[in-house]
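**Q** This is the structure, below, for whatever I ask next.
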Amino acid sequence: MNAFYYSCYEKAMMPRSENSSAYFSKTLFWILAALPFVFVILKFARWETYGIFDFHTFHLAGVLANNGQAQLAFDWDSFVAQFAPTYGTPGAFPWFYPPLLLPYSQALAQFQAPVAYVVFNFIGLAAYYLTVRSLFRDKFREIIILSAFPLLIPIAFGHPTVFFLVFLLLGYHLSKRHPVLALIALTLVAAKPHVGGVILFLYFLKTLPKSILPSIIIAAVAILSTSLFYGSDIWLQFLSLLKSASDNLLAMQLENPYRSSLFVALAPFGIPAAIRWILHFALLAALCGLGTYAFRDAKDDRFWVVAGLAAFFTSPYIVLYDYTLLLLPLILVIKHARTQEKCPWVVAVLFIESIPMVLTVLPPAYKFNFLAVLLFTVAVLLIKIRCTGPSDRPRP
């Protein structure tokens, strides 16, 4: 038995040849790696078909900020009223992001909206590919292939989620030796508060008490610098706008077809809100517990898996383009997985789950896809449990 164990161990530790490493072919890699870029070009080519969509929110905020009217972005009615004079078509997409995201929007506004869409999606994708290449060189091909379809989701909406994912990966990497830089990177991720704010808060708690002073300094610099550029009351306006956003979310009046969680999914069945809250957080605890168990032998990555799961499943009003952030747990599973023949099954799961969210515009499809996302998450964690090879365990 010991001879068999050591034989398996030696095989797992042997360097892979160019042929044996390609459990995905190079052709498949290039096709899927290029797919998000092709999708951007196709959407640009049919730009007028889509009218006003989420991307215009970020572009319009930049236009207003560049014109010295950043405060209008935090006035719901005034902001929505600017769509028609700016783009020739009325829109109903308010701005709910903190002032930290205004510099990104100002950079967008240096171009006309269609060109800005192409330029910044290309920059975001290139940054993601380069980050993955730098941090996970041995598994670069596999990670990019498994990322292809999830990346299409924020691209379709025009959200900068890919940039948030890049800063999240940088925060993960920097946390090992440069915790203060990691806090800065995660602060940028927290420009999307209901998602990135969860990760930043968990990392803050994890690194206490060392994180207290750096966090105070980072917060002070962020608040003072943005107040200097956009007005002294810009953060008060943002906090006031958050109340309006919360009221609309609770009334199910904001992006209702695209929001998803167990709390939302159970609403049509007449289940009391208190029970739905209990079940929602019970599911969150169960998934984080499964992630903790799956990475029980990978202490350094265990926190980040749980944080990635919490970022997506904590909010009862998660929007499905934030699904891309689940790439963090997936990447860490691929990082540790040794039984490589399981990976094509993961690709099949991604195909099944991602295509409807990208290509289907019927609102009911988005409701059903929460189940797909949930099953995907559980499947990924089970793959980690089953696919961890001997090289992940201490040698006797």
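**Q** Taking θ as phi - 60°, what are the ³J(HN,Hα) couplings along the stretch 143-155 by the Karplus curve (6.51, -1.76, 1.60), each to the nearest whole Hz, with x for Gly and Pro?
**A** Coupling constants for the stretch 143-155: 5, 5, 4, 6, 8, 4, 6, x, 5, 5, 5, x, 5 Hz.
**Q** Which residues in the stretch 122-143 place their backbone N less than 20 Å from a point set 7 Å from the Cα of Ile41 along the Cα-to-Cβ direction?
**A** Output list for this probe position: 122-130.
**Q** Another question, then. Using modelled backbone amide H atoms (1.01 Å from N, in-plane), which distant-in-sequence or interchain residues come within less than 5 Å of Ile318's amide H?
**A** Counting only residues 5 or more places away or on other chains, the set is Ser260.
**Q** Separate question: What nm distance separates the two modelled labels at Ala282 and Lys176, each placed 7 Å from Cα along Cα→Cβ?
**A** For Ala282 paired with Lys176, the spin-label model returns 3.9 nm.
**Q** Same structure, new question: Give the calculated FRET efficiency between Ala267 and Phe53 to the nearest 0.05, with a Förster radius of 25 Å applied to their Cβ-Cβ distance.
**A** Result of the calculation: an efficiency of 0.45.
**Q** How high is the FRET efficiency from Val221 to Phe201, r the C-beta distance, R0 22 Å, rounded to 0.05? Write down the numbers at each step before the final one.
**A** On the way: r = 19 Å, r/R0 = 0.84.
Given R0 = 22 Å and the Cβ-Cβ separation, E is 0.75.
**Q** Still on this structure, I have one more. Compare the peptides 260-269, 276-285, 40-49 by average per-residue count of other Cβ atoms within 10 angstrom and give them in order, highest first. Write down the numbers at each step before the final one.
**A** Values: 260-269: 17.6, 276-285: 15.2, 40-49: 12.5.
In descending order of packing, they fall as 260-269, 276-285, 40-49.
**Q** Taking θ = phi - 60°, what integer Hz values does the Karplus form 6.51 cos²θ - 1.76 cosθ + 1.60 yield along the stretch 305-321, in sequence order, with x for Gly and Pro?
**A** In residue order, the calculated couplings are 5, 5, 5, x, 5, 5, 4, 8, 9, 6, 5, x, 10, 5, 9, 5, 6 Hz.
**Q** So what J values fall out for the stretch 68-80 if you push phi through Karplus, 6.51 cos²θ - 1.76 cosθ + 1.60 with θ = phi - 60°, rounded to Hz, Gly and Pro as x?
**A** Each residue of the stretch 68-80 in turn: x, 10, 4, 4, 5, 5, 9, 10, 3, 5, 5, 5, 4 Hz.
**Q** Lysine pairs in the stretch 28-387 with alpha-carbon atoms under 16 Å apart, 8 or more places apart or on different chains: how many are there?
**A** Taking the stretch 28-387 as the scope, the lysine pair count is 12.
**Q** On full extension of the chain, what length is gained from Ala126 through Leu375, given 0.36 nm per residue of separation minus the C-alpha to C-alpha distance?
**A** Net length gain for the segment: 86.7 nm.
**Q** Taking the inverse of the average 1/r across all pairs of different Cα atoms in the stretch 28-387, what Kirkwood radius in Å do you get?
**A** Final number for the Kirkwood radius of the stretch 28-387 is 21.1 Å.
**Q** If you don't mind, another one. List the trypsin sites (Lys or Arg not before Pro) within the stretch 87-180 that fall in a DSSP loop (any state other than H, G, I, E or B) and whose Cβ has at most 13 other Cβ atoms within 10 Å.
**A** Lys176, Arg177
**Q** Normalising by the residue count of the stretch 115-185, find the relative contact order in percent from Cα pairs under 8 Å and 6+ residues apart. Intermediate values should be presented prior to the final figure.
**A** On the way: 41 pairs, mean separation 21.6, N = 71.
Relative contact order of the stretch 115-185: 30 percent.
A short reminder: the numbers here are calculations on the coordinates, not readings from a lab. Here the structure is a predicted model, which means the values were calculated and not measured. Note that each Cβ is placed from the backbone with ideal geometry, even for glycine, and that neighbours are counted across all protein chains shown.
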